[in-house]
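**Q** Sharing a structure, written as C-alpha cells. Questions coming.
The values are calculated or read from the model by the stated rules, or taken from the named source; none is laboratory data. For clarity, every value in this text was computed on a predicted model and none was experimentally measured. Glycine also receives a Cβ, built like all others from the backbone with ideal geometry; neighbour counts cover every protein chain displayed.
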Amino acid sequence: MPRRIFGSFVEHLGRCVYNGIYEPGHPTADADGFRGDVLALVRELGVTTVRYPGGNFVSSYRWEDGVGPVDERPARLDLAWHSLETNAFGLDEFMRWVAKADVDPIMAVNLGTRGTAEAVDLLEYANHRGGSHLADKRRDNGAVDPYGIRLWCLGNEMDGPWQVGQRSATEYGRLAAQTAKAMRRFDPDLELVACGSSHLGMPTFGSWERDVLTEAYDDVDLISLHAYYQPVDDDLASFLASAEDMDRYIDAVTAIADSVGAIRRSTKKIMIAFDEWNVWYQSAAPSTPPSGEDWPFAPPLLEDHYSVADAVVVGGLLISLLRHSDRVSAACQAQLVNVIAPIMTETGGAAWRQTIFHPFARTARHAQGTVLDVLRDGSTTTTERYGEVDAVDAVSTWDDTTGEMTVFLVNRALDEPAGVTIDITGAQVDDIIECVTVGGTDLHAKNTADGPDHAEPRPNDTARGADASVELTLPPASWTMLRLRAIDTTA
Ligand code: AHR
C-alpha cells in the first residue's frame with residue numbers, strides 16, 4: 001500500500017502557515033520559527049507527505065517572492081483568500097520544516113497567472129545541484145543540497161470559476177502537457193499530477209478528465225480528485241455514508257482515465273492523487289474570505305471545529321482510500337493546521353487535537369503492509385443521498401513482517417448497533433492486540449483547547465476471537481479499529 005495516502009496539505013491560507021506551523025516568538029518556536037508543539041502533533045498524526053503551497057493560493061503565487069533574505073521579500077496581495085502575504089515563509093522554510101516533520105514534500109506550480117517557464121525555474125531552484133543561476137541562488141540561500149522533490153502538481157482546480165486563471169479543459173490539458181514535457185527534460189523520473197475536476201458535482205465533471213487526459217495522457221502520471229463533505233439539511237445518515245460518494249468518484253475517474261488509455265492503446269495506467277479531501281462546513285461563516293479594502297494578514301479562515309460525527313466520517317473516508325489504494329497512490333487530507341484541520345492552535349497559546357485527528361492517526365500508524373479484499377455481507381441502512389448502503393463498511397490490512405492484521409470498520413447506521421463476525425480466510429487468530437472505538441455517543445461533541453478529548457479512541461471490549469474468526473459489536477454511528485495477530489495457515 002502506498003504510504004503516500006496518509007498525506008496532508010499546507011496552504012498559505014488563513015492561519016495554516018502563519019501562527020500555525022510557523023510562529024516565531026511562540027514559546028515552543030525553534031530557531032527557524034517553527035512551533036515545536038505543532039511539530040510534535042504532526043509527528044503523532046503520522047502524516048507521510050505534505051502538499052504545498054496551495055490550493056487556490058498557488059494560482060497567483062510568485063515562488064521567487066518567498067526566497068532570499070526575509071527582510072527583502074515583498075509583501076503581496078493574495079488574490080485567492082483576499083489576504084496579505086508577507087512572504088516571510090517560503091520554499092526554503094517549507095523544506096526545512098518538512099525535514100523536521102519527517103515528511104515528504106509535494107510541490108504545486110502556478111499554472112493560473114504563470115506558466116511553463118516559471119514552473120521550470122522553480123524546479124531548477126529546488127532540484128538542481130548547482131552551477132546554474134537558480135540552483136546557485138538556493139545554495140546562497142543556505143540549502144547546499146538539492147531538495148529532490150519528486151511529486152509535482154501542475155496547477156490547482158483549473159476548472160473552477162473561483163480559480164485565478166481558470167481555463168478550459170483543452171487549454172489546461174495542453175499547458176499541463178507542455179509544462180510536464182519541459183519539466184521532464186530536467187528529470188524524466190518526476191511524478192506529475194494533472195488537475196482533475198474540483199469536485200464530482202462540477203458541471204464539466206467527466207468531460208474535463210477526458211479532455212485533459214486526451215491532451216496530457218503520455219506526459220502525466222496522476223490525476224487529482226478533490227472532495228469535501230458536510231451534512232446537508234441535517235441529514236446525518238447520508239453524511240455518515242460519505243465514503244460511498246468517495247468510492248463512486250474514484251471508480252468514475254478510474255474508468256474515464258482507463259477509457260482514454262484504451263483509446264490510445266496505451267499500457268500505461270494513470271494513478272489517482274486524492275490531494276484534497278476532508279469534512280468542510282463550506283457554507284459556514286469562517287469559509288467566507290474577507291473583501292473590500294481590508295487585506296488582513298493570516299485571518300482566521302476555514303477554522304471548522306469538528307464533532308465526533310465528523311471523526312467517524314473521516315475514519316470512513318480513510319477506509320475508502322485504503323480500499324482503492326491499488327489506484328490511489330497519493331492523498332492529502334486538507335488541511336494540516338487551523339484551516340479545516342486535525343490540529344488547531346491558539347496564537348501564542350496551546351496546540352490541540354480536533355476529533356478528526358484520532359481516526360487519521362490510528363489508521364496512518366496501523367494500516368501497514370498489504371490491503372486485503374474484504375467481502376461484506378450484511379444488513380443495509382437507508383440514506384436519502386445514496387439509497388441503500390451497507391450498514392457496516394470495512395477494510396483490512398495485513399503486515400506479513402509482524403503477523404499483524406488490522407481491520408477498520410464503520411457502522412453507518414444511526415440507531416442500530418452492529419454485531420459483526422470477521423472470517424479470516426487462510427489464517428488463525430492468535431491474539432487480539434487492541435480494539436478501540438470512536439463515536440457511538442456524543443456525536444455532536446467537539447474538542448476545545450482545554451479538553452476533554454471527545455473522540456479519543458476508547459477500548460471496545462466486545463471483541464472475541466476463536467480459530468479463524470472474530471466477533472465484535474460496533475455501536476451505532478461509530479468507527480472502530482481492531483488489531484490482531486494472526487497465523488498464516490496457508491504457508
Ligand atoms: O482547501 C481549501 C481550498 O479548497 C483549496 O485552496 C482549494 O484547492 C479548494 O477549493
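**Q** Being closer than 16 Å to residue 317 by Cβ and either hydroxyl-bearing (Ser, Thr, Tyr) or touching a helix residue (DSSP H, G or I) at 6+ places or on another chain (Cβ under 7 Å) (or both) is the filter; apply it to the range 369-393 and report the residue that is surrounded by the most Cβ atoms within 10 Å (Cβ to Cβ).
**A** My answer is 393.
**Q** Another question about this same structure. Confirm whether residue 108 is among the aliphatic types (A, V, I, L, M) and crowded, with 17+ Cβ neighbours inside 10 Å.
**A** So residue 108 fits the description; yes.
**Q** Hey, another quick one. Could you check residue 413 against (1) out of contact with any Gly (no Cβ under 9 Å at 6 or more places or on another chain); (2) not in a loop (DSSP other than H, G, I, E, B) and say which number it fails?
**A** (2)
**Q** Are any of the residues in the range 166-179 in contact with a strand residue (DSSP E or B) (Cβ under 7 Å, 6 or more places away or on another chain) and among the hydrophobic types (A, V, I, L, M, F, W, C)?
**A** The initial filter retains those residues of the range 166-179 that are in contact with a strand residue (DSSP E or B) (Cβ under 7 Å, 6 or more places away or on another chain), namely 176, 179.
Next cut, among the hydrophobic types (A, V, I, L, M, F, W, C) only: 176.
Looking for residues that are in contact with a strand residue (DSSP E or B) (Cβ under 7 Å, 6 or more places away or on another chain) and among the hydrophobic types (A, V, I, L, M, F, W, C), one finds at least one in the range 166-179, hence yes.
**Q** Against the condition buried (at least 23 other Cβ atoms within 10 Å of the Cβ) and outside any strand (DSSP E or B), how does residue 310 come out, does it pass?
**A** Criteria met by residue 310.
**Q** Now, a different point. Of all residues being in contact (Cβ under 8 Å) with a residue 60 or more places away in the chain and either closer than 27 Å to residue 157 by Cα or under 25 Å from the mean Cα position of the chain (by Cα) (or both) in the range 65-78, which is farthest from the ligand (Cβ to nearest atom)? Just the residue, please.
**A** 67
**Q** Next up: How many residues does the range 348-380 contain that are touching a His at 6+ places or on another chain (Cβ under 8 Å), of a type in the set (Val, Ile, Thr) and over 24 Å from residue 226 (Cβ atoms)?
**A** 0
**Q** If I ask for residues that are surrounded by fewer than 17 Cβ atoms within 10 Å (Cβ to Cβ) and either free of Cβ contacts under 8 Å to residues at least 12 places away in the same chain or among the hydroxyl-bearing types (Ser, Thr, Tyr) (or both), which ones from the range 167-184 would you list?
**A** If the condition is that a residue be surrounded by fewer than 17 Cβ atoms within 10 Å (Cβ to Cβ) and either free of Cβ contacts under 8 Å to residues at least 12 places away in the same chain or among the hydroxyl-bearing types (Ser, Thr, Tyr) (or both), then 168, 170, 171 are the ones that fit.
**Q** What do you reckon, is residue 455 modelled with pLDDT under 95, closer than 19 Å to residue 366 by Cα and in contact with a Ser or Thr (Cβ under 9 Å, 6 or more places away or on another chain)?
**A** Yes; evaluated as a whole, the condition is true for this residue.
**Q** Then there is this: In the range 473-491, what residues are touching a residue at least 60 places away in the same chain (Cβ under 8 Å) and more than 18 Å from residue 397 (Cα to Cα)?
**A** Once the filter is applied, which keeps residues that are touching a residue at least 60 places away in the same chain (Cβ under 8 Å) and more than 18 Å from residue 397 (Cα to Cα), the range 473-491 yields 474, 475, 476, 477, 478.
**Q** Mind checking which residues of the range 319-330 are more than 16 Å from the ligand (Cβ to nearest atom) and either of a type outside the set (Ser, Thr, Tyr) or assigned to a loop (DSSP other than H, G, I, E, B) (or both)?
**A** Answer for the range 319-330, where residues must be more than 16 Å from the ligand (Cβ to nearest atom) and either of a type outside the set (Ser, Thr, Tyr) or assigned to a loop (DSSP other than H, G, I, E, B) (or both): 319, 321, 322, 323, 324, 325, 326, 327, 328.
**Q** To continue, here is another question. Select from the range 1-57 the residues that are within 16 Å of the ligand (Cβ to nearest atom) and part of a helix (DSSP H, G or I) and write down the one among them that is surrounded by the fewest Cβ atoms within 10 Å (Cβ to Cβ).
**A** Going through the qualifying residues, I end up with 56.
**Q** Would you point out which residue out of 333, 354, 282 is under 18 Å from residue 3 (Cβ atoms) and either within 16 Å of the ligand (Cβ to nearest atom) or touching a strand residue (DSSP E or B) at 6+ places or on another chain (Cβ under 7 Å) (or both)?
**A** 333
**Q** Return the only residue of 302, 225, 240 being in contact with a Ser or Thr (Cβ under 7 Å, 6 or more places away or on another chain) and either within 16 Å of the ligand (Cβ to nearest atom) or of a type outside the set (D, E, K, R) (or both).
**A** 302
**Q** Give the range 231-269 a look and list any residue that's part of a loop (DSSP other than H, G, I, E, B) and over 22 Å from residue 414 (Cα atoms), or say none.
**A** Within the range 231-269, 264, 265, 266, 267, 268, 269 meet the criteria.
**Q** Here is a follow-up. Within the set of pairs 6+ apart or on separate chains, which have a first residue in the range 339-361 that is over 12 Å from residue 45 (Cβ atoms), a second that is hydroxyl-bearing (Ser, Thr, Tyr) and away from the ligand (no atom under 16 Å from the Cβ), and C-beta atoms under 7 Å apart?
**A** As it stands, the answer is 355/307, since those pairs meet every condition given.
**Q** Right, something else. Keeping to the range 136-148, report how many residues are among the basic types (Lys, Arg) and either touching a helix residue (DSSP H, G or I) at 6+ places or on another chain (Cβ under 6 Å) or within 16 Å of the ligand (Cβ to nearest atom) (or both).
**A** Residues in the range 136-148 being among the basic types (Lys, Arg) and either touching a helix residue (DSSP H, G or I) at 6+ places or on another chain (Cβ under 6 Å) or within 16 Å of the ligand (Cβ to nearest atom) (or both): 1 in total.
**Q** Name, by its number, the condition in (1) within 30 Å of residue 437 (Cα to Cα); (2) in contact (Cβ under 8 Å) with a residue 40 or more places away in the chain that does not hold for residue 256.
**A** Unmet condition: (1).
**Q** If we keep just the residues of the range 357-377 that are part of a loop (DSSP other than H, G, I, E, B) and closer than 21 Å to residue 251 by Cβ, which is farthest from the ligand (Cβ to nearest atom)?
**A** 377
**Q** Same structure again: Taking the range 149-178 as the search range and keeping residues that are of a type in the set (Gly, Ala, Ser) and under 21 Å from the mean Cα position of the chain (by Cα), which one is farthest from the ligand (Cβ to nearest atom)?
**A** 155
One line per residue, one yes/no per condition, for (1) of a type outside the set (A, V, I, L, M, F, W, C); (2) out of contact with any Cys (no Cβ under 8 Å at 6 or more places or on another chain); (3) within 27 Å of residue 438 (Cβ to Cβ); (4) crowded, with 23+ Cβ neighbours inside 10 Å:
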residue: 238; (1), (2), (3), (4): yes, yes, yes, no
residue: 247; (1), (2), (3), (4): yes, yes, yes, no
residue: 265; (1), (2), (3), (4): yes, yes, no, no
residue: 278; (1), (2), (3), (4): yes, yes, yes, yes
residue: 289; (1), (2), (3), (4): yes, yes, no, no
residue: 294; (1), (2), (3), (4): yes, yes, no, no
residue: 306; (1), (2), (3), (4): yes, yes, yes, yes
residue: 325; (1), (2), (3), (4): yes, yes, yes, no
